[in-house]
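The values are calculated or read from the model by the stated rules, or taken from the named source; none is laboratory data. Just so it is clear, the structure is predicted and the values come from calculations on it, not from any experiment. FYI the Cβ positions are ideal-geometry reconstructions off the backbone, even for glycines, and counts take in every protein chain you see. To get the accessible areas, we keep the full protein, side chains included, count just its heavy atoms, and leave off ligands, DNA and RNA. Shrake-Rupley method; radii C 1.70, N 1.55, O 1.52, S 1.80 Å.
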There are 2 protein chains.
Amino acid sequence: VAQAGTVTIIGVGLIGGSIGLALRARGLADRIVGVGRNPEGLEQARRSGAIDVGTTDLAAGVAGAEVAVVCTPVTRIAGDAIAAAAAGPAGLLVTDAGSTKRGIVEAVEADPRGRAAFVGAHPIAGSERKGVAHAQAGLFEGRACVLTPTARTAPERLRRARAFWAGLGCRISELGPARHDEALAFTSHLPHAVAAALAAAVPADLLPLAAGAYRDGTRVAGSDADLWTGIFLGNRLPLIEALGEFQQQISQFKAALLGADADAIRSWWTAARDRRARFDDPSTT
Amino acid sequence: VAQAGTVTIIGVGLIGGSIGLALRARGLADRIVGVGRNPEGLEQARRSGAIDVGTTDLAAGVAGAEVAVVCTPVTRIAGDAIAAAAAGPAGLLVTDAGSTKRGIVEAVEADPRGRAAFVGAHPIAGSERKGVAHAQAGLFEGRACVLTPTARTAPERLRRARAFWAGLGCRISELGPARHDEALAFTSHLPHAVAAALAAAVPADLLPLAAGAYRDGTRVAGSDADLWTGIFLGNRLPLIEALGEFQQQISQFKAALLGADADAIRSWWTAARDRRARFDDPSTT
């Protein structure tokens, strides 16, 4: 992986900050610029080592950059990516770290300079915590990063995007933007919705009797409300489909329970247990 | 906590084995006897230090015991508790570690010797792993243990049961057996069912794109099928009610998503996030 000159990180929170720390730890950039809306947040990012310099002026921040990586909430990514492409040098690669892709890629590709510069990306790593204070240099190591090129993506930018994300330690795969969103509806957005539903379903006065199953099953319900409202709305129809599949699983279990059908409960549980085992060890069939 | 003479553990798996290790680490018993159906499992428990001696003969195992603690699967607990009360000395305290209580307590109290000896208990600690190989001396430290005495429970046995479970490090509380089952339907049995439904709802070919939310949300789906079939059937009606509450949460979210209602999604998420925060810190209101 070749070293880049200047990398500009737009949105220096948990994800953007972790990218900065990883670039520094791996010696992958000569200079790391942070763009944010809040000068105090940028100063915190600078002190933590995630960026060398911060600015609230996006156009100034991308001047002279080789790569701009947009790590703002999903509702702002397309606008920030288009602004970076418009203000940056001719050779700028613009990529992002958004959890949804179809809407973002469509919006950016509707803009000619955006289309020429952009490669959508989703590094599948995160935390229920937010902010640069929780950033980690190793956040992306060994994690999947899905690139979502289209027929309109410049091949040269795609090559550079692969190298950029691989340089941070990611395992690279590629999917169309719509296919990405259908997959992530099941693998990430559904688990977040289920965690929140479970968290809320247990009456507050019973929480002293809850233990590990509730704790782990609801961990991600501690995530930021605005962030997740944006992700859910950015992937509505695939998530509605995933919720339907999940509702069928719950209904199937409830029917077996209503019928006091031990065999049906046991085989339902065993199928779920096998699926979980396959997640832990993909060589399981 | 006074030291007991002989404590007999009926069913030496994860829970029974952890009780044995805790009794030994805390010097709470002169002698720890294990009763099981499988001589090899008993020998493994003996080598691990969880028991001093093992036997497949329940009557021989409880002879001379001061306390018998029944740690078999919930479908077998009542029978084992009655057998222990019948075969043991007149002063024997019989307690258990079952995850459901109403059916067990009713069955044991239908037997005069069982009723005189028994105090139902549920130490709320466990793991998705099974077997004495995963037993830990510290499993019960600081964990809740719900005792489920009834109007028919002997006060002297209740005092001894409190001392026994507190001696292992548990925080003791008391609930009627039916109330215990209603509470645990929400705090434990529902989270297990939801974990399994989530595990099964994600198509196998998408698992390489799943990450922390799926991993933590489905952890307990790795638990034993027979064990959980017994628990679910032992607490059918309260669990059906808890599932109904959970289904309403999912339906509420799905309706907000169908209506693309950002405010409704945000306030739904925030209520769930607040409930989860209260679990982590009960001083939160």
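Taking segment B:159-174 as the range and being open to solvent by less than 50 Å² (accessible area, probe 1.4 Å) and within 18 Å of B:Gln136 (Cα to Cα) as the test, the residues that pass are B:Phe164, B:Trp165, B:Ala166, B:Gly167, B:Leu168, B:Gly169, B:Cys170. Entry remark, segment B:227-238: residues being facing another protein chain (nearest Cβ under 7 Å) and either open to solvent by 40 Å² or more (accessible area, probe 1.4 Å) or closer than 18 Å to A:Ala242 by Cβ (or both) number 2 in total.
Let me confirm something: among B:Ala135, B:Ala195, which residue is closer than 24 Å to A:Arg266 by Cβ, among the hydrophobic types (A, V, I, L, M, F, W, C) and touching a Ser or Thr at 6+ places or on another chain (Cβ under 7 Å)?
B:Ala195
Taken over segment B:139-154, the residue count meeting the criterion of being surrounded by 19 or more Cβ atoms within 10 Å (Cβ to Cβ), assigned to a loop (DSSP other than H, G, I, E, B) and touching an Asp or Glu at 6+ places or on another chain (Cβ under 8 Å) is 2.
Looking only at segment A:183-204, decide whether some residue is open to solvent by 20 Å² or more (accessible area, probe 1.4 Å), at pLDDT 95 or above and more than 7 Å from every other protein chain (Cβ to nearest Cβ). Checked segment A:183-204: no residue is open to solvent by 20 Å² or more (accessible area, probe 1.4 Å), at pLDDT 95 or above and more than 7 Å from every other protein chain (Cβ to nearest Cβ).
Entry remark, segment A:161-187: residues being part of a helix (DSSP H, G or I) and not β-branched (Val, Ile, Thr) number 17 in total.
For beta carbons closer than 7 Å, sequence separation of 6+ or different chains, a first residue in segment B:3-28 that is assigned to a helix (DSSP H, G or I) and a second that is open to solvent by 20 Å² or more (accessible area, probe 1.4 Å) and hydroxyl-bearing (Ser, Thr, Tyr), the qualifying pairs are B:Leu14/B:Ser127; B:Gly17/B:Ser48. In segment A:48-138, counting only strands (runs of 3 or more DSSP E) that sit wholly within it, the ones holding 1 or more residues that are open to solvent by less than 10 Å² (accessible area, probe 1.4 Å), of a type outside the set (A, V, I, L, M, F, W, C) and within 22 Å of A:Leu28 (Cα to Cα) span A:93-96, A:121-123.
Only one of the numbered conditions (1) in a helix (DSSP H, G or I); (2) under 19 Å from A:Val35 (Cα atoms) is not met by A:Arg157, and that is (2).
Does any residue of segment B:206-223 turn out to be over 25 Å from A:Gly234 (Cβ atoms), more than 7 Å from every other protein chain (Cβ to nearest Cβ), of a type outside the set (A, V, I, L, M) and buried (at least 18 other Cβ atoms within 10 Å of the Cβ)? Yes: one or more hits. Looking only at segment A:70-100, residues that are in contact with a Ser or Thr (Cβ under 6 Å, 6 or more places away or on another chain) and more than 21 Å from A:Ser188 (Cβ to Cβ) come to 1 in all. In summary, A:Arg215 fulfils each of the numbered conditions (1) closer than 30 Å to B:Asp181 by Cβ; (2) in contact (Cβ under 8 Å) with a residue 24 or more places away in the chain; (3) of a type in the set (D, E, K, R) with the single exception of condition (2).
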